[in-house]
Amino acid sequence: MSTFAKSFKEEVSRLARKEARAAVAPIRKLSGATHSALADLKRRVAALEKESRRLSTLLAKRLNPANPVNPVEEQGRTAGRITGKGIRSLRRKLRLSGEQFGRLLNVSGPAVYAWEKRNGPLCVRQSTRTAILSIRTLGAREAKARLQEKPKK
């Protein structure tokens, strides 16, 4: 192929690509806007579905007299985040030793000290979690009174 033909072919290809880009540009902008609007709508629908599930669960608990609502759950404390720092501050607030605090929760004293040393959320049994969440509202005197009621092991 001659140099002229080759140059002519390259120029035609370049101009065709340029014209194609110019024709497709408005559609690409519209397509991008549509994609972002769709993603936003999906996020909003997911949030609304989550809220709907939460409200229907709450309504079912309120309407079902056979399943009374736990006051701890009612205050939104079932999913309370339990951390080592939180355990330490709760134990100090109640003015209890690790052994006493453990007896109050039906766990050992060394377990309490081990929890206090950990960083981040703690993985504890559901019964222990419920016990911890239930004593969060107690004062020091009430905690000592509950401790007196429990038999020593």
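The values are calculated or read from the model by the stated rules, or taken from the named source; none is laboratory data. Keep in mind the model is a prediction, meaning the values are calculated, not measured. Glycine also receives a Cβ, built like all others from the backbone with ideal geometry; neighbour counts cover every protein chain displayed.
Does P121 satisfy the criteria of being at pLDDT below 90 and surrounded by fewer than 10 Cβ atoms within 10 Å (Cβ to Cβ)? So P121 does not fit the description; no.
The single residue among R54, R28, R14 that is in a helix (DSSP H, G or I), modelled with pLDDT under 90 and surrounded by 10 or more Cβ atoms within 10 Å (Cβ to Cβ) turns out to be R28. Being exposed (fewer than 10 other Cβ atoms within 10 Å of the Cβ) and either modelled with pLDDT of 90 or more or closer than 30 Å to R118 by Cβ (or both): is that true of A79 here? Spelling it out, A79 is indeed exposed (fewer than 10 other Cβ atoms within 10 Å of the Cβ) and either modelled with pLDDT of 90 or more or closer than 30 Å to R118 by Cβ (or both).
Identify all residues within the stretch 135-151 that are closer than 12 Å to G80 by Cβ and surrounded by 15 or more Cβ atoms within 10 Å (Cβ to Cβ); write none if there are none.
I135, R136
The set of residues from the stretch 78-122 being among the polar types (S, T, N, Q) and within 24 Å of A145 (Cβ to Cβ) comprises S89, S97, Q100, N106, S108.
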